[in-house]
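**Q** First, the structure itself, so that you have it in front of you.
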Amino acid sequence: MWKSKLKIWKAKYENEPSSGIGKIIAILKDGVKVGTGQGNILLQVVNLDDGKEMLATDLFSTQDIGQTFQ
């Protein structure tokens, strides 16, 4: 579970079945797929705790799949 403050600067909504609210579903070339309960979002550019903006794929790894944001 992530306890840092995550800011999303760029993302895309995907209208497809979701596997859980805040759950990291997949790490893809173009972003990190997270469930919303009503579809998914593909996180592309984010930052943690007012740090530097970065690609979501640089922040998260395949080890984070299944983790949940709260």
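**Q** Roughly what % antiparallel, to the nearest 5, for the DSSP beta bridges in the chain?
**A** Antiparallel: roughly 95 percent of the beta bridges in the chain.
**Q** Just add up the charged neighbours of Ala11: K/R +1, D/E -1, any other residue whose Cβ is under 12 Å from the Cβ of Ala11.
**A** Result for the neighbourhood of Ala11: +2.
**Q** Okay, moving on. As a check on your grasp of the helix formula, calculate [θ] at 222 nm for the chain: sum -39500 (n - 2.57) over DSSP H runs of n ≥ 4, divide by the residue count, round to the nearest 500. Mind showing how you got there, number by number?
**A** Values: 1 runs with 4 residues, N = 70.
Calculated mean residue ellipticity at 222 nm is -1000 deg cm²/dmol.
**Q** DSSP loop trypsin sites (Lys or Arg not before Pro) in the chain with at most 13 other Cβ atoms within 10 Å of their Cβ, which ones? Walk me through the intermediate numbers first.
**A** Values: sites: Lys3, Lys5, Lys7, Lys10, Lys12, Lys23, Lys29, Lys33, Lys52; in loops: Lys3, Lys5, Lys29, Lys52.
Here the sparse-neighbourhood loop sites are Lys3, Lys5, Lys29, Lys52.
**Q** Just the accessible area per residue of the chain, please: how many Å² with a 1.4 Å probe?
**A** Here the residues of the chain average 65 Å² of exposed surface.
The values are calculated or read from the model by the stated rules, or taken from the named source; none is laboratory data. Predicted, not measured: the structure shown is a model, and the values here were computed from it. FYI the Cβ positions are ideal-geometry reconstructions off the backbone, even for glycines, and counts take in every protein chain you see. When the accessible area is computed, the model is the full protein with side chains, heavy atoms only, and any ligands, DNA or RNA have been set aside. Shrake-Rupley method; radii C 1.70, N 1.55, O 1.52, S 1.80 Å.
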